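Structure incoming, see below.
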2 protein chains.
Amino acid sequence: MLLPIILSGGAGSRLWPVSREALPKPFIALPDGETLLQKTLKRAIALPGVENVLTVTNRDYYFLTRDEYESNTESDSKHIIHDYLLEPVGRNTAPAIAAATLHACRKHGEDTVLLILPADHLINDQSSFTQAVSTATTLASQGWLVTFGIHPTAPETGYGYIESGEALADSISHKVARFVEKPDLETAKTYIASNRFTWNSGMFCFTAGAMLAALRQCAPEVLSAVEQTFAATGLDKDPVVLDATGFTLAPDISIDYAVMERADKVAVVPVSFDWSDIGSWSALAELVAPDDRGNRTSCETVLVDTDNCYVQSDSRMIAAVGVDDLLIVDTPDALLIAHNSRAQDVKSVVARLKLLSHATVQHHRTTHRPWGTYTVLEEGVGFKLKRIVVKPGASLSLQMHHHRSEHWVVVSGTAMVINGEREILVQRNESTYIPAGTAHRLTNPGVVDCVMIEVQTGDYLGEDDIVRLEDRYGRV
Amino acid sequence: MLLPIILSGGAGSRLWPVSREALPKPFIALPDGETLLQKTLKRAIALPGVENVLTVTNRDYYFLTRDEYESNTESDSKHIIHDYLLEPVGRNTAPAIAAATLHACRKHGEDTVLLILPADHLINDQSSFTQAVSTATTLASQGWLVTFGIHPTAPETGYGYIESGEALADSISHKVARFVEKPDLETAKTYIASNRFTWNSGMFCFTAGAMLAALRQCAPEVLSAVEQTFAATGLDKDPVVLDATGFTLAPDISIDYAVMERADKVAVVPVSFDWSDIGSWSALAELVAPDDRGNRTSCETVLVDTDNCYVQSDSRMIAAVGVDDLLIVDTPDALLIAHNSRAQDVKSVVARLKLLSHATVQHHRTTHRPWGTYTVLEEGVGFKLKRIVVKPGASLSLQMHHHRSEHWVVVSGTAMVINGEREILVQRNESTYIPAGTAHRLTNPGVVDCVMIEVQTGDYLGEDDIVRLEDRYGRV
C-alpha cells in the first residue's frame, strides 16, 4: 500500500505580497489558477493504488487545506480518504515525518510505503513522476530509504546535492554516497561536470517500518518527543491535532540532517523531469508565456518601451514606461517592484515589514474562515465594510459583539439569520440589522454561495470584539 | 482696479494616473495637500487691491472649482467676489481671454487691469510675484500688453521663449523683440548664452480696453465669435454659462498666436522667481524632499537597495527592491511605473488607454458632484457598493432608478431622506431601503458631512439608469 504524505507549510516570504503568513506558498494561485497544493494532491492521487492521503500541516491551515482539496473533484470521485495531522507549531520536517510515520504504523501497518511530498513543488510530467515513484516503491519495499535526485540543469547554489554511489540492481538507482549542503558556485560547477550529483528534491519514499527503525537509530530524541506527543493526543479525532506541549518539545530539525545523512541504507532515484519549488517571483514569472518583447503579463497593462517585465495584478490597470527587467506584483493592499535579478531579496522586504509589525506580513484583505471568506472593503472612522461569502451549508458561529452593530445586506444567494430571538430567511436584496449585544448567526441554507455586504458601525471595530457562543468548527 | 483672471482647464495627461479628464492638473493635490488651483487663487488674492476674481473654466469643473475656492478661508474673510465664465467646450486661451475681457469691460470698465493666471502654475515666492505684478500693472495702465518672462535656468525645449528688445523707462521691463516657438536644444543653448531670452510663462497683464483693441486689430474673428456668444448668453446669471453654439464656432487658438505675436505695444517683465508648470511627474517629484539615497516618498514604503525613486500612493504599502530612477504612482484603480527620464512619455500611456476607452482616462473611483462625492468601493455580479459623502446643507436630486434597488446605511452624520411618500430622518447606524421605481432624495440637513454606504442590487447598475425629477443644481 502506497500512502502519499503531503507536507504543507512554510512561509514563502520571497513570494510576498501574494504569499502571507495566513496564505503561504502552497496556497497561492499559479497563473493557471491552480495552487501548488492542489497540484501536489492531483499528482499524488494520480499514482496507482492510492486510496488514502495523509496531510501534515499547521492547524491554522486546516480549513484552507480542506477547501483546496474539496475543489479537486477527482479526489471525490476516487473516494480518497483524507487524514490530517495538525501541528500546533512548525518543527521542520523530521518531527512532521516522524508523526506521519507513527500515524501510518498505527493505522495501516509497518509495511505501508510512505511517499513524502512537499506541497510547494511543481512537476508537470506526471508519467515520469509515476515511473520514478514506482522505482522508489520497489526499493522502499526492500528496506531502502529513498530520495529523489533531480538532474541538475544549472549549477544552482540554492539547493542541496546528493552524490550517487554504487549502482543498484534496478540499473536506475544508486546508493547515496553523501549529501552536500548548498555549495558555492565553483563547487556546484564541478558537481555538474562530474555527472555524479543531483539536486536533493526533499521528496522521499520508505516503508513506515524502515523509517521507524531509522528514527530509533539516528534520531531517538525526535522519535521520543513525537511518541510522547502521540500519547497526549486524541488520535481518533478527525482531524488529529497534535498535543502542543509535547510537539513544542520536539527538536526543530530536518529529516535530511536527522535521518537521511546518518542512516545506512539510503538510495537515490535520479529523475530528469522538470521540477521547481517556485522559489521566487522570477521562477513564477517563467510560468507565463512572454510576448515578443519578453513581457509576461496576466492582467490589464499598457506597456510603453518596456521589456522583459513580469506584471501581475488582481484588478488594477498597470502602466509602465521605459522600464526593463522588473517584477511588478500588485495586490489590494501592497505592491512589489523588484529588479528581476533581485528576486531572492524580496525576503528582506518581508523582514523589514515584520519589524514594523505591518499587517501585510500576516493577512490579505481577504481572510479565509472554515465557513468561507470575508474581505475588508473599507475602513473609516466609526465604520467598517466587509464582503462576506458563506459556502453552501456553512454557518458562522453564534456570536455577539459588545461594541459594534451590523447591517447585513444579502446581494447573492440566501441567508438564514438568527437575530436575537428571531430566525429569519434573508434573501437577495433584503437586509437585517443586528444591534450591539444581540446574539446572531448566519447560515447559508442554499446550494450556492451566499454573498453579503456587512456595514459595521461602532466606536471599536476590532476583530477581537467577538463572543462565540457556539461554533461547529470548534472555535468557542 | 486689478482683476485676476484664473484660466483653469487642460488635461495634464502627463500626470496620469492621478490627473484624469474629470480631475485635471489644476485639481490634483501636491505633496503639501494643496492643489495648483488653490495656490493660484491664494497668490491672486494676496495681491494688493484685489476684490474680485474671475475664473474661466469648463462648465464640467464649476462645482469642483467652487469646492476648491471654498476651502480657501482667506477668500472668505477678504469678501472676495467670485465670478465665473463657464466654457461649454475648450477653445484655447484666445477665446477664453476674449470672453474674460468682454466680461470685465461690461462689469468693471475698460480701464480695469486684467492679470491672466493659468491655474496650473507653481510660484512660491509671493513677494517677487507681487513685485512683478506691480511693475506689469504700471505698464498695463500705460497701454502695454505685458508678458512675464521667466529667467531660464536651463535650455528647456518644452517652453516658448521671448526675446527682449529695447529697455523701457522703468529700467526693468523691455519691449518684446519677438516670440519664439519651442526651440531645439542647440538653439535653446544659444538663447541662454545670449542673456536676451526668457521663458514665456503664459501669464499676462493688460487693461481690458487695450486687449479689446488688440483683439479687434489682430484677431477680429475671435472677438466676433465671442461677441456673438455673449449676445446669446444669459450674462446676468451666476455662473455665466457661455452659449454653446456661439462658443463652439470660436477659433481654437492661443492668445500668443492670436494677439501677442502680432500686437504693437507688447512688453516683457523679466522675473527670476522659481516657476514651474508641473509638466510631468519628474517636476512634481522635485517638490518632495529626497532622503539620503535620493528617494522621495509620501506614503508607506519599504525600499531595499533602491535609489532616486519617487513613490506616491493613497493607501497601499509600496515595496521596491534593487531599482533606480523610477517614478511610481499608485491610485486605487491604476498604477504607473515610469523611468524618470521618460516622464514626458506618460502621455502615450493615456493615448493608448483612450484607444481602449479605458475608464481610468476619464474618472477616478471617486467622482465629484455638486453635493459632494461618491466612491465606487466594489462592483460584483448584481451589486455595486458606494461610499457617498454629502456636504452639509447639500442635496442630491430627487431621482428614481428603473433597474436597481438601494440600501442606504448612514455611518456618519445625518440624512433627511425622501423615500416614496415618506420623509424620514436617518441617523448614524440607521438604514433605509429604496425599492426600484421609487422616487427618492437624500439631503444632509446637518452641519457635518453625511457619510452613507449604498448597497445597490439589480440586473443593471449603470450610472445612466437615473431619472432626475428635480435638482437644485440644474441637472434635470
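What follows is calculated from the coordinates using simple rules that are stated; it is not laboratory data. Worth saying up front: this structure is predicted, and the values here are computed from it rather than measured. Quick reminder, even Gly has a Cβ in these numbers, built from the backbone with ideal geometry, and neighbours come from all protein chains shown.
What value in Å³ per residue do you get for the convex hull of the alpha-carbon atoms in the range B:327-380?
112
Taking the Cβ of A:A415 as the center, what net charge do the other residues with Cβ under 15 Å away carry, scoring Lys and Arg +1 and Asp and Glu -1?
My count for the surroundings of A:A415 gives +1.
Looking down the axis that turns B into A, which residue of B has the closest beta carbon, and how many Å out?
Of all Cβ atoms in B, the one closest to the rotation axis yields B:L377, 3.
Over the alpha carbons of the range B:281-353, what is the largest minus smallest coordinate on each principal axis, giving the biggest first in Å?
Largest first, the range B:281-353 extends 35, 24, 23 Å along its Cα principal axes.
Local charge sum around A:T360 (other residues, Cβ-Cβ under 13 Å, Lys/Arg +1, Asp/Glu -1)?
+1
Still on this model: Which one of A:I466, A:W281, A:S298 has its Cα pushed farthest toward the positive end of the charge dipole of chain A, where Lys and Arg give +1 and Asp and Glu give -1 at the Cβ?
Checking the options against the dipole of chain A, the answer is A:I466.
Please average, across the residues of A:372-383, the number of beta carbons from any other chain that are within 10 Å of each residue's own beta carbon, and give a whole number.
Taking all residues of A:372-383 together, the mean is 3.
Label-point separation (nm) for A:S315 and A:Q142, each offset 7 Å from Cα along Cα-to-Cβ?
5.8
Need one number: convex hull volume per residue for the range A:83-169, Cα atoms only, in Å³.
Given the Cα convex hull of the range A:83-169, per-residue volume reads 152 Å³.
Report, by chain and number, residues whose modeled amide H sits under 5 Å from the one on A:W16, excluding near sequence neighbours (fewer than 5 apart, same chain).
none
Exactly which chymotrypsin sites (Phe, Trp or Tyr not before Pro) in the range B:259-360 are in a DSSP loop and have at most 13 other Cβ atoms within 10 Å?
none
Also, I was wondering about something else. Sort shortest first the distances from B:E470 to its counterpart in every other copy, using label points 7 Å along the Cα-to-beta-carbon line, and give them in nm.
In ascending order, 5.1 nm.
For the protein assembly as shown, build the charge dipole from Cβ charges (+1 Lys, Arg; -1 Asp, Glu) around the Cα centre, then report which of A:V146, A:I424, B:V476 sits farthest towards its positive end.
A:I424
If you add up the charges near B:R404, with Lys and Arg at +1 and Asp and Glu at -1, over every other residue whose beta carbon is less than 9 angstrom from its beta carbon, what do you get?
-2
Of all the Cα-Cα pairs you can form in the protein assembly as shown, what percent are over 49 Å apart?
Percent of Cα pairs beyond 49 Å in the protein assembly as shown: 39.
Say the cut-off is 20 Å between C-alpha atoms; which of B:K354/B:K384; B:K25/B:K347; A:K39/A:K78; A:K25/A:K78; A:K386/B:K386; A:K182/A:K347 go over it?
Pairs exceeding the cut-off: B:K354/B:K384; A:K25/A:K78.
Give the lysines whose C-alpha is closer than 29 Å to that of A:K175, dropping any in the same chain fewer than 8 places away, or say none.
A:K189, A:K265
Run the simple label-point estimate for B:R472 and A:L249 please: 7 Å along Cα→C-beta, distance reported in nm.
Between B:R472 and A:L249, the label points sit 7.5 nm apart.
So how far apart, in nm, are the two label points at A:A167 and A:H363 if each is 7 Å from Cα heading toward Cβ?
Distance between the two pseudo-spin positions: 5.9 nm.
Right, something else. Averaged over B:297-303, how many beta carbons belonging to a partner chain fall within 10 Å of each residue's beta carbon?
Partner Cβ neighbours, averaged per residue: 3.
Could you give me the ³J(HN,Hα) list for the range A:371-381, computed from phi with Karplus coefficients 6.51, -1.76, 1.60 and θ = phi - 60°, whole Hz, x at Gly and Pro?
8, x, 9, 10, 10, 7, 8, 6, 10, x, 5
With both bridge residues required to lie in chain B, what share of the DSSP beta bridges run antiparallel, to the nearest 5%?
Around 65 percent of the beta bridges assigned by DSSP in chain B are antiparallel ones.
Return B:C105, B:C299 ranked ascending by Cβ neighbour count within 10 Å, so the fewest neighbours appear first.
B:C299, B:C105
Please report the equivalent ellipsoid semi-axes of chain B, computed as sqrt(5 x eigenvalue) of the Cα gyration tensor, largest first, in whole Å.
Equivalent-ellipsoid dimensions as semi-axes: 42, 30, 19 Å.
Using a 7 Å offset from Cα along the direction of the beta-carbon, what are the separations from A:P290 to the same position in each other copy, nm, ascending?
3.2
Can you sort A:I388, B:I150 from fewest to most other Cβ atoms within 10 Å of each residue's own Cβ?
A:I388, B:I150
Loop-only chymotrypsin sites (Phe, Trp or Tyr not before Pro) in the range B:165-212, please: DSSP not H, G, I, E or B, and at most 15 other Cβ atoms within 10 Å.
Passing sites in the range B:165-212 do not exist.
Using the 2.2 N^0.38 Å rule of thumb for compact globular proteins, work out how the range B:345-407 stacks up: its C-alpha Rg over that value, please.
Dividing the Cα radius of gyration by 2.2 N^0.38 Å gives 1.45.
Return the equivalent ellipsoid semi-axes of the range B:212-301 as a descending list in whole Å, where each equals the square root of 5 times an eigenvalue of the C-alpha gyration tensor.
41, 22, 11
Would you list, by chain and number, the aspartates and glutamates whose Cα falls below 19 Å from the Cα of B:K107, excluding same-chain residues fewer than 8 positions away?
Straight-line reach from B:K107, under 19 Å: B:E51, B:D83, B:E87, B:E227, B:D236, B:D238, B:D243.
Let me ask something additional. If the label point is 7 Å along Cα→Cβ of A:E74, which residues in the range A:101-142 have backbone nitrogen under 14 Å from it?
Hits in the range A:101-142 for A:E74 at 14 Å: A:123-131.
Follow-up. Starting from the Cα of B:E286, step 7 Å toward the Cβ, then list every residue of the range B:4-28 with an amide N under 11 Å from that point.
No residue qualifies, since no backbone N sits under 11 Å from the label point.
Next up: Could you let me know the centre-to-centre spacing of the range A:271-340 and the range A:348-404, using Cα atoms, in angstrom?
27
To continue, here is another question. Counting other C-beta atoms within 10 Å, which of B:R365, A:R404 has the fewest, and how do the rest follow?
If I rank by nearby Cβ atoms, fewest first, I get B:R365, A:R404.
So, with +1 on the Cβ of K and R and -1 on the Cβ of D and E, and no other charges, what is the size of the charge dipole of the protein assembly as shown about its Cα centre, to the nearest 20 debye?
Dipole of the protein assembly as shown, to the nearest 20 debye: 620 debye.
Hydropathy at least -0.5 by Kyte-Doolittle, axial extent at least 20 angstrom from the Cα trace: which helices of chain B, defined as entire DSSP H runs, fit?
Helices passing the filter in chain B: B:93-108, B:126-141.
Additional query: Where the convex hull is taken over the Cα atoms of the range A:134-279, what is its projected area averaged over directions, in nm²?
Answer in nm², one decimal: 10.2.
OK, next. Only sites in a loop by DSSP and with at most 14 other Cβ atoms within 10 Å count here; which GluC sites (Glu not before Pro) in the range A:381-434 make the cut?
Sites meeting the loop and neighbour criteria: A:E421.
While we're here: When the dipole is taken about the Cα centre of chain B, and only Lys, Arg (+1) and Asp, Glu (-1) are charged at their Cβ, what size is it in debye, to the nearest 20?
Using Cβ point charges on Lys, Arg, Asp and Glu, chain B gives about 560 debye.
Please list the three semi-axes, largest first and in whole Å, of the ellipsoid equivalent to the range A:2-276, using sqrt of 5 times the eigenvalues of its alpha carbon gyration tensor.
So the three semi-axes of the range A:2-276 are 27, 22, 19 Å.
State the dimensionless ratio Rg/Rh of the range A:380-465 (Rg: radius of gyration of Cα atoms; Rh: Kirkwood radius).
0.95
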